[in-house]
Amino acid sequence: MSDIISFIQDLIVNITIIAWIIFFLTWVIGWAIRGLPIPFMRVKRTGEKFIEDAVWAAFWLAMGTSVFALIAYIANTFYQPLPEPPTI
Amino acid sequence: MELLVIAFYLSVLTYYLGVLIQMLPIPFYGVKKWAPQLMVDSVFSAILVFSYSLIQWIIDYLGHILGVDWNAYYQWFFNEINFVISTILTLKFIGMGLSSIGLNFLANSLISPLISSLTYLLVFLITFSLFVSIIVTLSPTLIALGILLHALPFRLARSSGATILAVVIVFSIGAPLMPQFIELISSHTSLTNTINYGYVPAYITVYDLKGTPLPYYLYEIYDENNTLLARYLADEKGLVNASSLFKGVPYNRQSITISLAGYIYKTIYDPRNESISKIANITYKLDNIVSVKTLRLLAFFNEEKAVYNEATENSVSLTIDSSQNTYVVLIGLKSDDLILHVDRVQVTPNERYEYEWGGVEFKAYKYYLKPGKHIIQASFIGSDRDKPYFKEIYYARDTLKININEPLSMIYPVAILIYRLFIAPTVYFSILFSSSLALSRLLGGSSSKIAHVLVSGV
């Protein structure tokens, strides 16, 4: 069991590292496409979309830990010692 | 719970996979649409992981509100199992009775299918209950497993996880309420409880102190509510032949009353404690009574030790030992002369009674004895012969209402059992299952198509 947990944890770390690398890659590619000296707006808009997605994704990547901490906090707040069920 | 830890890390993994996909520098919308979906799924799964205790609490809470009582459920279950088993045994003995009077074909064509149906019913009932008890015993593990499957990335096992969760929640709350449901929908069916007592053919003999069978005693069988189930009169040789198809005795705990000319003996008998292959042999030895000849008795009470010495045709001699006051009762026909010698001295009775029992007139003399050892000799002078008459109640014919000319009398109880223990639980099971599927859809599970196939089979 603990093997599986550490495997998943390693996977998460690797994915995080890859995600950061891809962020920079996407950011660079996005700007490159956007800055192309061509008059096709559709292609340029794709570059813009890449940059937008990458920035949002980077935001959520950075917020990841906080998101799960928040869930844990809210769930634990809800699960307070609850009242006894009423007897009919 | 390691399963929950794994589920949590899986949901974190799902989240980062979503983020990674959103970052990919590819312009394919089909791939990118997974990104927000994966992130939302992971948040939902994480919420479920942290709601593990809450889910268990909700099960307990709702169960308590609805009046779930597992003890009552298991009690009901074992009662019903016993009920079916005793009906099977009843049918078995009826089948054997039919074979013994040459009605083999009836046993094969009528009784065998009924026993088969009841056997299937038993298998169904036990399987159902096993399923329920497995779900309930393993519910913490199953909930964790459901959450784990739910948290797998890319919705690989999301539906199965949600279904497991929903089934555990719904069955833990709903299954123990099945007896109430069955009572509700089968309350109008009138099943006489008597079939519950079972049936077994029997020979009954009652012996006195010296080991002689008592003639003409009345053997009555009552249930625990003191309802008379059967009444048999022994023959002159002291045998009750209740081995024929229409007689028999209940295959259950029963109160027995043996009476003979005013003398009454009560006991409890349970044939389930004995191994009976074909016919039960029921014997009793009454240690405080001696039969001298037909319908002439000597009974003694409060004694500590009684030893039989000798007997002639008209008299009997005993040694009675006691540290307290005892009394001796001589019972004979009204026309008899009853004489008692205590320590070789003739004594006069302290009390005299005259009464009728079974259409025969009796008289009884009661003698008080002081503490100590006494040799008593009772003589009954008179040669009248008589025979008591009582209306007998045959257990199978009169109480169970078994009639081979009306097969319905045997089919109807089985049909009611099948209705109560197969059709009603199946309906209830379908209700629970469709509720589980509805709940699993709420938890992000199976589509309505799968639900439709599972419930209707089409």
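Restricting to the range B:374-430, name every residue that is of a type in the set (Val, Ile, Thr) and either in contact (Cβ under 8 Å) with a residue 24 or more places away in the chain or open to solvent by less than 30 Å² (accessible area, probe 1.4 Å) (or both).
Matches in the range B:374-430: B:ILE375, B:ILE376, B:ILE381, B:ILE393, B:THR399, B:ILE402, B:ILE404, B:ILE411, B:VAL414, B:ILE416, B:ILE418, B:VAL427.
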In the range B:69-114, which residues are open to solvent by 40 Å² or more (accessible area, probe 1.4 Å), in contact (Cβ under 8 Å) with a residue 24 or more places away in the chain and over 30 Å from B:ALA202 (Cβ atoms)?
-> B:ASP69, B:TRP70, B:ALA72
Of all helices (runs of 4 or more DSSP H) fully inside the range B:1-56, the set with 2 or more residues that are more than 9 Å from chain A (Cβ to nearest Cβ) and in contact with a helix residue (DSSP H, G or I) (Cβ under 9 Å, 6 or more places away or on another chain) is B:2-23, B:34-50
How many of the residues in the range A:9-30 are more than 10 Å from every other protein chain (Cβ to nearest Cβ) and either touching a Cys at 6+ places or on another chain (Cβ under 8 Å) or surrounded by 14 or more Cβ atoms within 10 Å (Cβ to Cβ) (or both)?
-> 0
Mind counting the residues in the range A:32-76 that are open to solvent by 50 Å² or more (accessible area, probe 1.4 Å), within 10 Å of chain B (Cβ to nearest Cβ) and hydroxyl-bearing (Ser, Thr, Tyr)?
-> 2
Under 25 Å from the mean Cα position of the chain (by Cα) and open to solvent by 30 Å² or more (accessible area, probe 1.4 Å): does that describe B:ASN226?
-> yes
Quick one: count up the residues across the range B:382-407 that are assigned to a helix (DSSP H, G or I) and charged (D, E, K, R).
-> 2
Does the range B:145-162 contain at least one residue that is polar (S, T, N, Q) and in a loop (DSSP other than H, G, I, E, B)?
-> no
Take B:LEU369 and decide whether it is in the same structural domain as B:PHE301 (by TED's automatic domain parsing) and either in contact with a Lys or Arg (Cβ under 6 Å, 6 or more places away or on another chain) or crowded, with 16+ Cβ neighbours inside 10 Å (or both).
-> yes
Tally the residues that are more than 30 Å from B:ALA378 (Cβ to Cβ), among the charged types (D, E, K, R) and assigned to a strand (DSSP E or B), restricting the search to the range B:266-296.
-> 0
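The values are calculated or read from the model by the stated rules, or taken from the named source; none is laboratory data. Worth saying up front: this structure is predicted, and the values here are computed from it rather than measured. Virtual Cβ from ideal backbone geometry, glycine too; neighbours counted across all protein chains shown. What goes into the accessible areas is simple: the full protein's heavy atoms, side chains included, and nothing from ligands, DNA or RNA. Shrake-Rupley method; radii C 1.70, N 1.55, O 1.52, S 1.80 Å.
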